[in-house]
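Worksheet for the structure shown next.
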Amino acid sequence: MSENLTRRAALGVLGVSSMALLAACGSKASSEASASASGSESASAAASESATASPSASASASASPSASASASASASSSPLPNDNKDYSGVAKLEKMEEHGEYQPGNAEHPPQNVPSPIVPEAMHQNSVAGFAAALAYFGAAFEYLLRTGDMHYMNEVSTDQETLAAMKKYADSTKAGIEEKKTWYVNPTATLTIGTKQPVLAQGAYNWTVTLNVDLGEKLFKDGKEQTVAADKRHVKMFGEAVGRYLNNKWDLHMDIN
């Protein structure tokens, strides 16, 4: 899998190519949004295979095969009704949990009291709105990871092992940068943008073209000293597809982005 210099250098201050680890969660995602549409079938197949292999799906299958089969069948037997809404644009989570006054990173500490995502009620609905809510939650959970190195909120929206393995590597490297290298960004942000009005159903899973936008910010601190983030290394943009399945009364995502 190719990676451009900007991605490698963007988080190189942490001592590892962290953004390349995120790219590992996508197997063959395009670097152009238009090209990702042509890969929806293969992304769907990959999602189907990985969701079947996921821990919760496997546990559900062993504990209650009929329930698992029913959940899978519900996603593939009948398309979700088109609610005629336009979901394209930034997927924004409606509610975040506050943990005191948010403090951006400074010479003494990384970002503190970072708001954490709250699972929206819609994420439990087998609907297009539910899929969109899951994407909004993923974007917020990734931003939390970006600021703290903590990925546990990702477990609420994905049981896909490929996706979670990439998130874990990225979280571990971010945490190591903070704790061992004393390096952090002042106020990094992340947003997930949905590319089309409605998702597409293919091979029992729903596919939505997405873009993950990361803004590392203008400043970082290393060993208590402020440094400027080069303009060509500040922004990281990844394209691809989000593959969603409604399993166990909740949307479960496989993120095929690069």
- Going by the conditions given, is T183 out of contact with any helix residue (DSSP H, G or I) (no Cβ under 6 Å at 6 or more places or on another chain) and hydroxyl-bearing (S, T, Y)? no
Residues of the range 81-101 being open to solvent by 60 Å² or more (accessible area, probe 1.4 Å) and closer than 26 Å to G177 by Cα, in sequence order, are M96, E97, E98, H99, E101
Within the range 230-244, of all residues that are open to solvent by 20 Å² or more (accessible area, probe 1.4 Å) and assigned to a strand (DSSP E or B), the one farthest from S127 (Cα to Cα) is H235
Can you find a residue that is within 19 Å of L253 (Cβ to Cβ) and in contact with a strand residue (DSSP E or B) (Cβ under 6 Å, 6 or more places away or on another chain) anywhere in the range 214-229?
yes
Counting only residues that are in contact with a Ser or Thr (Cβ under 7 Å, 6 or more places away or on another chain) and surrounded by fewer than 16 Cβ atoms within 10 Å (Cβ to Cβ), the range 166-202 contains a total of 2
Discussion item. Yes or no: the range 166-173 includes at least one residue that is closer than 16 Å to M238 by Cβ, part of a strand (DSSP E or B), in contact (Cβ under 8 Å) with a residue 40 or more places away in the chain and within 11 Å of the chain's Cα centre (by Cα).
Written reply: no
Flagged pairs (Cβ under 8 angstrom, 6 or more apart or on separate chains; first in the range 90-102, in contact (Cβ under 8 Å) with a residue 24 or more places away in the chain; second of a type outside the set (S, T, N, Q) and assigned to a loop (DSSP other than H, G, I, E, B)) are L93/I118; L93/P120; E94/P120; K95/I118; K95/P120; M96/P115; M96/I118
Among residues of the range 105-147 being surrounded by 20 or more Cβ atoms within 10 Å (Cβ to Cβ) and among the hydroxyl-bearing types (S, T, Y), the residue farthest from the chain's Cα centre (by Cα) is Y144
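The values are calculated or read from the model by the stated rules, or taken from the named source; none is laboratory data. Predicted model, so just to flag it, every value in this text is computed and none were measured. All Cβ positions, even for glycine, are placed from backbone atoms using ideal geometry, and neighbour counts span all protein chains on display. When the accessible area is computed, the model is the full protein with side chains, heavy atoms only, and any ligands, DNA or RNA have been set aside. Shrake-Rupley method; radii C 1.70, N 1.55, O 1.52, S 1.80 Å.
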